[in-house]
Structure formats: structure tokens, C-alpha cells
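The values are calculated or read from the model by the stated rules, or taken from the named source; none is laboratory data. Source: prediction; values computed, not measured. Note that we place each Cβ from the backbone using ideal geometry, even for glycine, and neighbour counts take in every protein chain shown. Heads up: the accessible areas ignore ligands, DNA and RNA and are worked out on the full protein's heavy atoms, side chains in. Shrake-Rupley method; radii C 1.70, N 1.55, O 1.52, S 1.80 Å.
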Amino acid sequence: MTPPIIRFDHVSVTVHEKTILSDIGFALLPGEKAALRGKSGSGKSTVLKTLLGLYPIKSGTVYFQEQPLTPASVHFIRGHAAYIGQEPVLGAENVRDALLLPFQFKAHRAHRPTEARLIEVLQRLQLSGDILNQQASRISGGEKQRIALARGLLLDKKLYLLDEVTSALDADSKQAVFDVFADPNLTVLSVAHDPEWLERCALILELEAGRLTRMDRNEHA
């Protein structure tokens, strides 16, 4: 049996003496797509950020590829994951530099993509190659999300942590994102309310006030 890529085992998170996640437990297999649902403030985004080591775990354990999340192992998870928020920070003045930013570092320098590869990945996401020369501050939120996704694809990331990434997209752009994540090699843990995205998720996790109240499997996803 294939071991889960992500597992939360009775995880509780407390910030400033306030419990924001309480006894969360679920597992996600490699290649599965999962969605976290719930009202604002229910803890959905906190689950993603806890997986990235951004919140201290009060009790329980988070596992990634069967390794427990610790201050020493957090770089291992971050090296495999692409986190794409509702308003990604691209970290560069223009789009080309934003896409190439990770390739300035030693770990990725040997895999710097060609111009043709940049354009190919952008076109998969319904973005024109002309956007490479645009200022990052002048593009829309939906374009920023797709550029952040393109950066993950260029880095060959296999785990995507997505926070409402289809909410600002038109129908064609949304379909392009759906097509990318139809790849069985990509695992996705998302915060989502979009019915079309939820239909494509094998696992729906309902959160309320930091607790997991329901877990549904969609056999048709």
C-alpha cells in the first residue's frame, strides 16, 4: 500500500495562547487533490502554513513523506512544495525576473530554463509570452497566481499548496489550471470554495473553528 505524502496526526496549533487548530487528522496520498472548506477564520489557510512550518505545533505530528516535521526537516518540505496564496509576492520587478528568481540560487542554477521553456509554461496557463516584460506590480491578481504556478512547474515541484487560486480567473484560465493539475504526478492540498474545483478533488475536508468536522471522499474525482 502506498504511504501518504502528507499526514496530520492529532495536530493542534496555538498562537498567543489561542488554539487555532485542534486535533486535526487526515492523510493525503501522492497524486491526490484535496480541498479544505469552511467559513473565514475556520483554520483552512492555517493548515497549509502549518505544513510549511510557519506555525509551531503544540501537540501531534505532521508528516511529509513519512518524515516528521521538525525545525530541522522543514527545509525538506519547502523544497518539494509550491505555496501559492491569493496574492502571491513575485519578488522581482518584472515577470521574467520573477520566474527566474529561484534559478539564481546554487540548488537550481544548473536547471535555469530557456526562453522557449518560459513561454511554453506560460502558454499552458493561458498567458502570453509578452507578459515576460511586464512589471510585476502592473499585472492582475489572477495573473500573479498563474505566474507563481508557472514558477512551481519550472522548478518541477510535485506538491502544491493552493489558497483560492481559481477565484480570480476567467473560464479559459481556470480550465488551463484544471488541466495542469489533472497530472497524476502532482499532489494538491488547497483552500477552495469553487464548485468546479471541488468536483475535481478526491478529498474534501470541512473545517469549523479550527476543528475537522467532516471528511468526504469523491470517488469520481
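Heavy atoms only, probe 1.4 Å: what % of the accessible area of the chain goes to carbon and sulfur, would you let me know?
Percent of accessible area from carbon and sulfur atoms in the chain: 48.
Which whole-number percent gives the relative contact order of the chain, counting Cα pairs below 8 Å spaced six or more residues apart?
Once divided by the residue count of the chain, the mean separation gives 29 percent.
Residues of region 1-49: accessible area per residue at 1.4 Å, in Å²?
The answer is 49 Å² per residue.
Can you work out the FRET efficiency for the pair Asp183 and Arg112, with r the C-beta to C-beta distance and R0 = 22 Å, to the nearest 0.05?
According to the calculation, E is roughly 0.45.
Just checking my list (i) 0.93; (ii) 0.96; (iii) 1.04 against Rg/Rh (Cα atoms, Kirkwood Rh) computed from this structure; which label fits?
Computing Rg/Rh (Cα atoms, Kirkwood Rh) and matching it to (i) 0.93; (ii) 0.96; (iii) 1.04 gives (ii).
For the pairs Lys49/Lys144; Lys39/Lys157; Lys106/Lys174, note any where the Cα-Cα span goes beyond 26 Å.
Where the Cα-Cα span goes over 26 Å, the pairs concerned are Lys39/Lys157; Lys106/Lys174.
Pop the C-beta distance of Glu196 and Glu93 into the FRET formula with R0 = 35 Å and round what comes out to the nearest 0.05.
The pair Glu196/Glu93 has a calculated efficiency of 0.55.
Can you give the accessible area per residue of region 61-125, in Å², using a 1.4 Å probe?
Roughly 60 Å² per residue, with all protein chains present.
Please give the per residue accessible area of region 152-198, computed with a probe of 1.4 Å over protein heavy atoms only, in Å².
That works out to 37 Å² per residue.
Could you list the residues of region 174-191 with an amide nitrogen less than 17 Å from a label point located 7 Å from the Cα of Thr2 in the Cα-to-C-beta direction?
The answer is 181-190, whose backbone nitrogens lie closer than 17 Å to the label point.
Between region 178-210 and region 26-91, how far is it from one alpha carbon centroid to the other, in angstrom?
14
Using R₀ = 41 Å, calculate the FRET efficiency as 1/(1 + (r/R₀)^6) where r is the Cβ-Cβ separation of His16 and Arg138; round to 0.05.
In this case the efficiency is close to 0.65.
Give me a comma-separated list of calculated 3J(HN,Hα) values for region 168-177, in order, Karplus coefficients 6.51, -1.76, 1.60 applied at θ = phi - 60°, integers in Hz, x for any Gly or Pro.
9, 9, 6, 4, 5, 5, 5, 5, 5, 5
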